Amino acid sequence: MVPVSSTCRPMTEPLSLPILQMQLDRLVPGQGLHLATADVERMFGYNDVATGRIRNFADGHGCMFAWCATGVQFVKLPRRDG
């Protein structure tokens, strides 16, 4: 029997910020991750400050983001050495 990884979550469990953080941290530069509108609104809100929250979250994980018709697309940026 193969043990189940502790990072797995049931498909019915909603995406959480810790899981999203882990997913963004595991991306390689140029790789993207889509977050559906319903998840964006649930985690970041849907008011005028949501974009700022998303920007800060993306920056903190070395990503850029863009709104699209179905949610938000995060893309991992090359690592800043300095």
Residue hits (the range 60-69; over 19 Å from Ile19 (Cβ atoms) and either in contact with a strand residue (DSSP E or B) (Cβ under 6 Å, 6 or more places away or on another chain) or not in a strand (DSSP E or B) (or both)) are Met64, Ala66, Ala69
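Condition check ((1) in contact with a Pro (Cβ under 9 Å, 6 or more places away or on another chain); (2) of a type in the set (S, T, N, Q); (3) exposed (fewer than 14 other Cβ atoms within 10 Å of the Cβ)) across all residues:
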{"residue": "Tyr46", "(1), (2), (3)": "no, no, yes"}
{"residue": "Ala50", "(1), (2), (3)": "no, no, no"}
{"residue": "Gly60", "(1), (2), (3)": "no, no, yes"}
{"residue": "Ala66", "(1), (2), (3)": "no, no, yes"}
{"residue": "Thr70", "(1), (2), (3)": "no, yes, yes"}
{"residue": "Leu77", "(1), (2), (3)": "yes, no, no"}
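When the residues of the range 25-43 are filtered to those that are of a type outside the set (Val, Ile, Thr) and in contact with a Lys or Arg (Cβ under 7 Å, 6 or more places away or on another chain), which remaining residue is surrounded by the most Cβ atoms within 10 Å (Cβ to Cβ)? Before you say what the answer is, go through the steps one by one.
First pass over the range 25-43, keeping only residues of a type outside the set (Val, Ile, Thr): 25-27, 29-36, 38-39, 41-43.
From the residues that got through so far, the ones that are in contact with a Lys or Arg (Cβ under 7 Å, 6 or more places away or on another chain) too are 27, 29-31.
On the way: Leu27: 17, Pro29: 11, Gly30: 9, Gln31: 12.
Looking at the filtered set, the residue picked out is Leu27.
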Six or more apart or on different chains, Cβ atoms under 7 Å: show the pairs whose first residue is in the range 29-42 and without any contact (Cβ under 8 Å) to a residue 24 or more places away in the chain and whose second is surrounded by 14 or more Cβ atoms within 10 Å (Cβ to Cβ) and not in a strand (DSSP E or B).
none
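We did not get these values from a lab; they are worked out from the coordinates using the rules stated. No experiment lies behind these values; they were computed from the predicted model shown. In this analysis, Cβ positions are derived from the backbone assuming ideal geometry, glycine residues included, and neighbour counts consider all displayed protein chains.
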